[in-house]
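I have placed the structure first, in the form of structure tokens, so that the comments after it can refer back to it.
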Amino acid sequence: MDSSAITANLARYRFHIELENSIREPIYAGSMLRGAFGHALRKTSCITSPPDHDVCLLAASCPYCNLFATTSNSDQARYADVAPPIVIEAPLNMDTQQPSKRLVFNMVLIGPSLQYLSHIILAWQRAGLHGFGKQRTKGKLTHVEWLPETKPALTIYAQNESMLVAHTPNTTLTPNFPSDSINLSFTTPARLKQKGKYCNGSSITAVALLSALERKVKYMNQRYLGLNLPLTAVNDLTLSHHSLRVIHWTRYSSRQHQTMDLNGLVGNFTLTGNMQSWWPYIQLGTYLHIGKNTSFGLGQLEVLS
């Protein structure tokens, strides 16, 4: 292996839940899944039930505080409620879907969240008992797969087994990208801002996109990963041949008791230029996602070629 390769302490897992009755998933189920997970994680983790988790004596070791109700003591406080060390990934369903009795989705575990894998699996078991969606459709977590970058998927949990399969959950970033252009896609809405306004298909620029990528990767790296990343410049690359368009969708926030517009960009695009320094950021971006509301899967970046 090239000595300049970077090993990142993060991994992607796929969860399979069989439902008792069919449900019709929303356009994007990430918000529904995150809500179900947060509720279940609190029930399985919290033993003090404090009104404010910041003052709980057990906060430093609590799975709920470390995975869901994260807080920040840094000067980047604007990320305090939107940068936990987990990302829930669900498919974007733009067409009318037939009701299904299965939920299949991914979770990216970042840095310290990997030590809570058993707590996460227990929380999804509890979420199935509580139910999903408005109808509270119950389900059973049947199995969980680890999705390594260069190896076949490995089932690390099955409902009839009492132990997790041992594995080494990390990801190696390849050191070189042998081209001066790359084709990428946003597979879930990417909410990117430039000059205080959300970008649309005509206003999106390479600067806005690369700034969002660099900002997210540097913040998550500083907080959770501690990697030695190369320096970058947003004028190294140009954006071209894109089909990015705005997808309109909403979610109801039970915490804020209101419906929230979470429109964002989806589609394909090409970046061209000095790719070498940006390649580690792009690889990390496929795990960390880009823009706002990434914890429930928005801004999912995929490398096409």
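Restricting attention to the range 12-46, and to residues there that are over 14 Å from the mean Cα position of the chain (by Cα), in a helix (DSSP H, G or I) and among the polar types (S, T, N, Q), which single residue is farthest from GLN159 (Cα to Cα)?
Going through the qualifying residues, I end up with SER45.
Mind checking which residues of the range 124-147 are closer than 21 Å to ARG251 by Cα, part of a helix (DSSP H, G or I) and more than 21 Å from the chain's Cα centre (by Cα)?
Selection gives HIS130 alone.
Give the range 47-94 a look and list any residue that's part of a helix (DSSP H, G or I) and either modelled with pLDDT under 70 or in contact with a Leu (Cβ under 6 Å, 6 or more places away or on another chain) (or both), or say none.
Initial filter on the range 47-94 (part of a helix (DSSP H, G or I)): 53-55, 59-61, 63-67, 77-79.
Residues satisfying the conditions are HIS53, ASP54, VAL55, TYR64, ALA77, ARG78, TYR79.
Restricting the search to the range 164-180, which residues are in contact with a strand residue (DSSP E or B) (Cβ under 7 Å, 6 or more places away or on another chain), more than 26 Å from LEU122 (Cβ to Cβ) and in a loop (DSSP other than H, G, I, E, B)? Steps first, please.
First, pick out the residues of the range 164-180 that are in contact with a strand residue (DSSP E or B) (Cβ under 7 Å, 6 or more places away or on another chain): 164-165, 167, 169-173, 180.
Pick out the ones that are also more than 26 Å from LEU122 (Cβ to Cβ) and you get 172-173, 180.
The answer is ASP180, and nothing else.
So is LEU229 under 25 Å from PHE296 (Cα atoms) and touching a helix residue (DSSP H, G or I) at 6+ places or on another chain (Cβ under 7 Å) or not? Spell out how you get there, then give the answer.
Details: under 25 Å from PHE296 (Cα atoms): no; touching a helix residue (DSSP H, G or I) at 6+ places or on another chain (Cβ under 7 Å): yes.
So LEU229 does not fit the description; no.
For PHE15, all conditions in the list (1) buried (at least 21 other Cβ atoms within 10 Å of the Cβ); (2) among the aromatic types (Phe, Trp, Tyr); (3) modelled with pLDDT under 90 hold save one; what is the number of the exception?
The one condition PHE15 does not meet is (3).
Would a scan of the range 156-163 turn up a residue that is assigned to a strand (DSSP E or B), of a type in the set (Phe, Trp, Tyr) and outside the structural domain of ILE88 (by TED's automatic domain parsing)?
Kept after step one, since they are assigned to a strand (DSSP E or B), are these residues of the range 156-163: 156-158.
Now narrow it down to the ones that are of a type in the set (Phe, Trp, Tyr): 157.
Within this subset, residues satisfying the condition of being outside the structural domain of ILE88 (by TED's automatic domain parsing) are none.
Checking the range 156-163: not a single residue is assigned to a strand (DSSP E or B), of a type in the set (Phe, Trp, Tyr) and outside the structural domain of ILE88 (by TED's automatic domain parsing).
Can you tell me which residues in the range 284-294 are assigned to a helix (DSSP H, G or I) and either touching an Asp or Glu at 6+ places or on another chain (Cβ under 9 Å) or not assigned by TED's automatic domain parsing to the domain that holds VAL234 (or both)?
THR286, the sole residue that qualifies.
Starting from residues that are in contact (Cβ under 8 Å) with a residue 12 or more places away in the chain and hydroxyl-bearing (Ser, Thr, Tyr), keep the ones in the range 184-202 and report whichever is nearest to LEU271 (Cα to Cα). Reasoning before the result, please.
Filtering the range 184-202 down to residues in contact (Cβ under 8 Å) with a residue 12 or more places away in the chain leaves 184-194, 198-201.
Checking which are hydroxyl-bearing (Ser, Thr, Tyr) leaves us with 185, 187-188, 198.
Values: SER185: 11, THR187: 16, THR188: 18, TYR198: 20 Å.
So, considering only residues that are in contact (Cβ under 8 Å) with a residue 12 or more places away in the chain and hydroxyl-bearing (Ser, Thr, Tyr), the one nearest to LEU271 (Cα to Cα) is SER185.
Find all pairs meeting these conditions: Cβ atoms under 9 angstrom apart; at least six residues apart or on different chains; first residue within the range 99-121 and assigned by TED's automatic domain parsing to the domain that holds ALA29; second residue of a type in the set (Lys, Arg) and in a strand (DSSP E or B).
VAL104/ARG14; PHE105/ARG14; ASN106/ARG12; ASN106/ARG14; MET107/ARG12; MET107/ARG14; VAL108/ARG12; LEU109/ARG12
Taking the options THR259, THR238, THR270, name whichever one is modelled with pLDDT of 90 or more, within 23 Å of the chain's Cα centre (by Cα) and of a type in the set (S, T, N, Q).
THR270 is the lone residue from the list that is modelled with pLDDT of 90 or more, within 23 Å of the chain's Cα centre (by Cα) and of a type in the set (S, T, N, Q).
Only one of LEU184, LEU164 is surrounded by 13 or more Cβ atoms within 10 Å (Cβ to Cβ), under 22 Å from PRO280 (Cα atoms) and touching a Phe, Trp or Tyr at 6+ places or on another chain (Cβ under 9 Å); which? Give the derivation first.
Details: LEU164 fails: under 22 Å from PRO280 (Cα atoms).
After ruling out the rest, the residue left standing is LEU184.
Restricting to the range 279-296, count the residues that are more than 15 Å from MET220 (Cβ to Cβ) and buried (at least 24 other Cβ atoms within 10 Å of the Cβ). First the steps, then the outcome.
Filtering the range 279-296 for residues more than 15 Å from MET220 (Cβ to Cβ) gives 279, 296.
If we keep only those that are buried (at least 24 other Cβ atoms within 10 Å of the Cβ) as well, we get 296.
Of the residues in that region, 1 qualify.
Can you confirm whether the range 201-217 contains a residue that is in a strand (DSSP E or B), loosely packed, with under 15 Cβ neighbours inside 10 Å and hydroxyl-bearing (Ser, Thr, Tyr)?
Initial filter on the range 201-217 (in a strand (DSSP E or B)): none.
The answer is no, given that none of the residues of the range 201-217 is in a strand (DSSP E or B), loosely packed, with under 15 Cβ neighbours inside 10 Å and hydroxyl-bearing (Ser, Thr, Tyr).
The values are calculated or read from the model by the stated rules, or taken from the named source; none is laboratory data. Quick caveat, the model's predicted, so the values are computed rather than measured. Here Cβ is always computed from backbone atoms with ideal geometry, including for glycine, and neighbour counts include all displayed protein chains.
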